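The values are calculated or read from the model by the stated rules, or taken from the named source; none is laboratory data. A quick note: this is a predicted structure, and the numbers were derived from the prediction, not measured. Reconstructed Cβ throughout: ideal geometry from the backbone, glycine too, with neighbour counts over all protein chains shown.
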Amino acid sequence: MKRPAGTGGAGPDAAARRSTELGLVTLAVILAAGGYVLTALAKGARLPANLAPFAAGAAGLALVAHLAVRRFAPRADGTLLGLAVLLNGIGFVVIARLDPDLARYQSLWTAVGIAAFVATLAAVRRVTDLQRYRYTFALLGIASLLLPAVPGIGQDINGARLWVHLGPLNFQPGEAAKVLLVIFLAAYLVEKRELLSTPTWRVGPVMLPDPKHFAPLLLAWGGSILVMVRETDLGSSLLFFAVFLAMLYIATARASYLGVGTALFVAGATLAYHAFGHVRERVTTWINPWPTADSHGYQLVQALFAFGSGGFAGTGLGLGSPGKIPNAATDFVYAAIGEELGLIGTTAVLLIYLLFIGVGFRIALRAEQPFLKLLAAGLTTILGVQTFIILGGVTRLIPLTGITMPFVSYGGSSLVANFVILALLLRISDEVSRRTDADADAAAPAATGARR
Amino acid sequence: MSMNRQVRRVGIVVVVLFLALFVQLNYLQVVKAHSLANNPRNVRAVVRDYSEPRGAILTNDGVVVARSVPVDDEFERLRTYPTGPLFAHTSGFFSFTLGASGVEDAYNSDLSGRNLDRQFHNIGDWLIGKEETGDVVLSLSNAAQEAARDALGNRKGSVVALDPSTGEILALWSYPSYDPGPLADHSPKAVQAAYDGYTHDPDNPMLARAYRERYPPGSTFKIVTASTAIETGTANPQSRFPVLRFLALPQSDKQLHNFGDEACGGTMADAFRVSCNTTFAQVGLDLGEKLVDGMKAFGITEDVPFDLPEARASGPAAGTFEHNKPSFANAAIGQGDVAVTPLQMAMVAGAIANGGVLMAPHVAKKIRDPDGRVIRTIGPTVWRRAVSATTAAALTQMMIDVVKRGTGTAAAIPGVTVAGKTGTAENPGGAPHAWFVAFAPAEAPRFAVAVIVEHGGDLGDEATGGRVAAPVAQKVLAKLLSLPGPTTTTTAPGQPNLPSTTTGRPPGGR
């Protein structure tokens with residue numbers, strides 16, 4: 001069955017995973033190129049002029065990512081990269097259909113994202129080492145959150161102050177903060193989870209741990225949420241809140257945190273509702289967008305029209321009018337998919353995310369080291385919850401809060417952050433497989449040198 | 001302490017959240033899809049219609065009247081009208097804000113390719129999503145239309161030219177006209193501004209005078225009166241009528257005067273040549289109710305099977321002769337209750353030219369696919385027999401005399417026999433309208449025209465159809481006769497288009 005582990009060799013399992021990955025990535029690139037061609041054909045009986053550079057670029061980037069995995073994480077899961085490339089490809093096709101200029105930037109950002117992906121794989125040789133820099137990450141995370149508030153470099157876009165403007169570069173440091181803070185949380189919670197799960201005092205019916213251990217957590221979390229509320233980035237606030245809560249629960253197994261967290265959330269939401277006009281607006285629009293269909297409710301109503309007009313099968317790529325939806329390439333890209341690809345397309349995208357998240361959680365489940373487990377779970381939760389927040393928002397399942405759709409939306413910072421998350425998940429997967437493969441080798445009769 | 005239980009639970013929560021998303025998507029894209037797609041605020045359906053590929057409108061001599069060009073906005077295509085106002089009243093406009101009119105409306109299913117006739121020629125076309133739109137080729141030619149425009153100049157009025165044997169309209173000009181381009185703009189504000197500009201213009205440039213405005217036809221209507229009299233045996237060209245300065249109308253103390261208060265009469269042919277009112281008023285009184293039937297035979301007061309929405313003409317009502325004889329006397333000379341479109345007068349001339357057979361008029365000639373293959377041809381269709389061939393031949397001779405030595409000498413073309421009739425129509429709006437209807441060559445008619453100059457143009461009250469309108473008709477006919485090419489190929493001279501089922505017409509007699 002399993003060949004004894006060679007010297008640094010990845011073994012047949014790894015080879016199979018990499019072949020699977022290459023196959024899936026190829027398929028994803030073909031699907032994206034197919035979508036690109038279909039979009040062009042919708043406009044006339046002519047192939048897109050830049051099909052060759054597009055296909056070559058997409059295949060080249062995907063190949064670079066694949067080779068990087070082969071080199072730096074040969075035993076990693078074979079499906080994640082393919083799924084990410086597919087999401088990225090679908091997003092690119094839709095963005096190119098909406099705005100060819102944005103698509104040019106998006107291809108540039110994808111290249112940067114892949115570069116960040118390769119860099120992360122190359123730099124993080126042992127994921128557990130990240131634990132050492134946890135406070136650095138926390139500081140960096142908070143600092144990036146504060147960056148947009150700094151006069152001179154901060155910039156308001158769409159009413160939210162999330163952007164940093166440095167020379168020709170615009171980016172949203174909140175996206176970096178999301179990764180940094182999850183690493184911090186994973187490391188901190190692993191260190192303190194015993195203490196945090198031991199209640200020392202009670203408030204009413206709720207048992208709480210020693211405030212000494214709890215305080216830094218509360219500080220990091222509360223601080224980041226306050227900053228984001230200040231910058232009116234409600235989507236990210238909600239995301240942080242949810243991820244923090246999930247990680248706290250996973251680390252401590254204490255359901256009471258969920259209770260306290262939910263209570264805090266309700267309190268915070270009520271406060272935000274009364275304190276901020278734009279929050280009230282979002283909620284009113286969510287409850288009934290029709291009376292304000294020409295003002296506050298406009299973009300949501302346009303998104304609903306897009307979903308409805310798409311119906312079951314969609315209008316076909318390039319044949320709908322997703323240009324009617326404001327921000328169709330960024331926050332509302334799912335509505336554009338819904339219009340042109342229909343329920344079939346939206347469900348397919350949902351399934352791709354579910355597969356991605358499923359693989360992410362499987363990596364977490366298989367990890368033995370608590371830090372790896374918590375980090376994998378945290379990163380996966382970020383992706384899952386972020387996807388839910390934006391998809392729920394544009395489909396009017398929950399109040400709309402602006403946030404990007406991972407891998408799909410136009411947006412450089414988001415794309416880079418998501419590729420870093422992907423790289424970290426693959427590195428964790430690789431480390432986990434290295435151990436389990438080694439265990440399996442040890443269990444085999446021909447194995448040399450027992451390991452425990 | 002393993003954290004796997006919690007990881008699984010968080011995973012389950014995420015899956016449940018995604019299931020909720022799936023349910024909501026089904027609600028939006030299946031349950032509510034129809035009402036969302038058809039919500040009045042959802043302009044997608046309309047935008048789709050206006051962004052679809054759309055065929056061009058071309059003249060018979062190949063000039064592009066309307067075509068869609070790619071643009072970089074949500075509609076993807078902009079409808080443009082390279083000929084500007086020249087064909088506006090025929091092509092109409094195709095506007096996101098205002099809808100469509102003219103050929104753009106009447107042939108919409110052909111232009112958009114939604115016509116049931118259309119078929120994919122092969123699977124390859126279908127696979128590459130070939131645009132299966134249709135181009136509408138008009139029967140109008142750019143040369144004829146320009147001749148009509150130039151001949152009328154900047155006088156309000158209209159010129160209609162048609163092929164009497166096929167019903168093909170060759171020129172359909174109304175002045176003033178408008179540019180349909182701004183109405184097809186994608187900015188609703190720009191469209192509204194242009195539209196307001198046109199509609200607030202006192203000259204009403206959007207009015208297609210040629211087929212949407214009704215005028216008293218004046219003496220040109222004597223063709224109908226004389227034809228009906230001959231057809232019914234009430235009178236013939238040699239029937240004699242008293243020479244009068246005015247006719248005392250029955251049932252009233254009113255008198256019907258001749259133009260310029262002159263005295264005229266004699267044979268009906270003579271009276272026709274000099275356009276004697278008293279004679280034809282008398283013919284009208286002699287005809288009585290038969291005049292109503294005669295008008296009907298020429299299609300006046302009927303719905304014309306025209307491919308654009310024509311204004312229906314009017315005349316005295318049937319059964320009213322006995323208690324309103326003066327209205328019949330007035331109607332017989334094209335005044336009073338009679339109101340017709342210039343197109344209708346061209347059809348009257350055309351019926352006489354075509355041996356008494358009235359062809360259904362049409363502005364479109366054929367529909368072509370993008371490769372130039374003809375998908376469908378329009379006409380020729382016989383609408384009805386207006387008068388017998390003998391009657392038509394008699395009228396032709398009377399009309400030849402009008403141009404030879406009557407009121408219409410200004411329409412004469414050297415070397416060509418022109419048949420015509422003048423009209424000077426009194427109207428409540430001011431100076432009389434100057435009319436002229438004609439066809440040529442009289443021996444083997446190829447073209448029939450009707451010209452109206454509202455209020456006689458710059459000659460004001462001094463105008464007569466013979467002095468103002470006849471020269472316009474002359475120029476247009478001369479131009480048409482000089483043209484080679486498609487407008488002349490459809491009809492072989494001397495071979496009038498008549499179905500074998502038509503009876504009562506001796507071969508070659510017209």
- Over region A:43-69, the set of residues without any contact (Cβ under 8 Å) to a residue 40 or more places away in the chain, buried (at least 16 other Cβ atoms within 10 Å of the Cβ) and within 14 Å of chain B (Cβ to nearest Cβ) is A:Pro48
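At pLDDT below 90, assigned to a loop (DSSP other than H, G, I, E, B) and within 14 Å of chain B (Cβ to nearest Cβ), is that true of A:Ala40?
Details: at pLDDT below 90: yes; assigned to a loop (DSSP other than H, G, I, E, B): no; within 14 Å of chain B (Cβ to nearest Cβ): yes.
Against the criterion (at pLDDT below 90, assigned to a loop (DSSP other than H, G, I, E, B) and within 14 Å of chain B (Cβ to nearest Cβ)), A:Ala40 does not qualify.
Check whether at least one residue in region A:258-269 is within 30 Å of A:Leu218 (Cβ to Cβ), within 11 Å of chain B (Cβ to nearest Cβ) and at pLDDT below 90, and report yes or no.
Yes, region A:258-269 contains at least one residue that is within 30 Å of A:Leu218 (Cβ to Cβ), within 11 Å of chain B (Cβ to nearest Cβ) and at pLDDT below 90.
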- Query: Is it the case that region B:361-378 has a residue that's in a helix (DSSP H, G or I) and not aromatic (Phe, Trp, Tyr)?
  - Reply: no
- Taking B:Ser51 as meeting all but one of (1) among the small types (Gly, Ala, Ser); (2) more than 30 Å from A:Arg396 (Cβ to Cβ); (3) in contact with an Asp or Glu (Cβ under 8 Å, 6 or more places away or on another chain), write down the number of the exception. (2)
- Item | Condition check for B:Leu172: of a type outside the set (Phe, Trp, Tyr) and touching a His at 6+ places or on another chain (Cβ under 7 Å) | yes
- In region A:96-153, anything within 20 Å of A:Val333 (Cβ to Cβ), hydroxyl-bearing (Ser, Thr, Tyr) and surrounded by fewer than 16 Cβ atoms within 10 Å (Cβ to Cβ) is listed as A:Tyr105
- Task: For B:Ala20, work out the one condition from (1) among the small types (Gly, Ala, Ser); (2) within 14 Å of another protein chain (Cβ to nearest Cβ); (3) in contact with a Phe, Trp or Tyr (Cβ under 9 Å, 6 or more places away or on another chain); (4) assigned to a loop (DSSP other than H, G, I, E, B) it doesn't fulfil.
- Result: (4)
- Message: Consider region A:78-113. How many of its residues are among the aromatic types (Phe, Trp, Tyr) and outside any helix (DSSP H, G or I)?
- Response: 0
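Among the residues of region B:81-109, count how many are surrounded by 19 or more Cβ atoms within 10 Å (Cβ to Cβ) and either under 17 Å from B:Gln192 (Cα atoms) or of a type in the set (D, E, K, R) (or both).
Looking only at that region, the number is 8.
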- Item | Candidate set from region B:24-55 (those that are surrounded by 21 or more Cβ atoms within 10 Å (Cβ to Cβ) and hydrophobic (A, V, I, L, M, F, W, C)); member that is nearest to the other protein chains (Cβ to nearest Cβ) | B:Leu36
- Item | Tally, over region A:339-361, of residues that are touching a residue at least 40 places away in the same chain (Cβ under 8 Å) and either under 17 Å from the mean Cα position of the chain (by Cα) or within 9 Å of chain B (Cβ to nearest Cβ) (or both) | 8
- Item | Residue under evaluation A:Gly358, criteria (1) modelled with pLDDT of 95 or more; (2) at positive phi; (3) not hydroxyl-bearing (Ser, Thr, Tyr), criterion not met | (2)
- Task: Considering only region B:56-108, state which residues are under 20 Å from B:Val43 (Cα atoms) and small (Gly, Ala, Ser).
- Result: B:Ser95, B:Gly99, B:Ala100
- Note on the structure: Picked from region B:104-125 (must be of a type in the set (Asp, Glu) and at pLDDT 80 or above), the residue farthest from B:Gly62 (Cα to Cα) is B:Asp105
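May I ask you to verify whether A:Phe305 is within 14 Å of chain B (Cβ to nearest Cβ), more than 17 Å from A:Phe388 (Cα to Cα), crowded, with 22+ Cβ neighbours inside 10 Å and among the aromatic types (Phe, Trp, Tyr)?
yes
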- Would you check if there is a residue in region A:10-17 being over 25 Å from the mean Cα position of the chain (by Cα) and either closer than 30 Å to B:Val69 by Cβ or in a loop (DSSP other than H, G, I, E, B) (or both)? yes
- Can you name the helices (runs of 4 or more DSSP H) wholly within region A:226-335 that have at least 2 residues being over 24 Å from A:Thr380 (Cα atoms) and free of Cβ contacts under 8 Å to residues at least 40 places away in the same chain? A:255-275, A:277-287, A:298-310
- Would a scan of region A:394-408 turn up a residue that is part of a helix (DSSP H, G or I) and among the aromatic types (Phe, Trp, Tyr)? no
- Starting from region A:387-412, keep only residues that are free of Cβ contacts under 8 Å to residues at least 24 places away in the same chain, then list their pairs with residues that are of a type in the set (Phe, Trp, Tyr) and surrounded by fewer than 24 Cβ atoms within 10 Å (Cβ to Cβ) whose Cβ atoms are within a distance under 8 Å, requiring at least 6 positions of separation or different chains. A:Phe388/B:Phe18
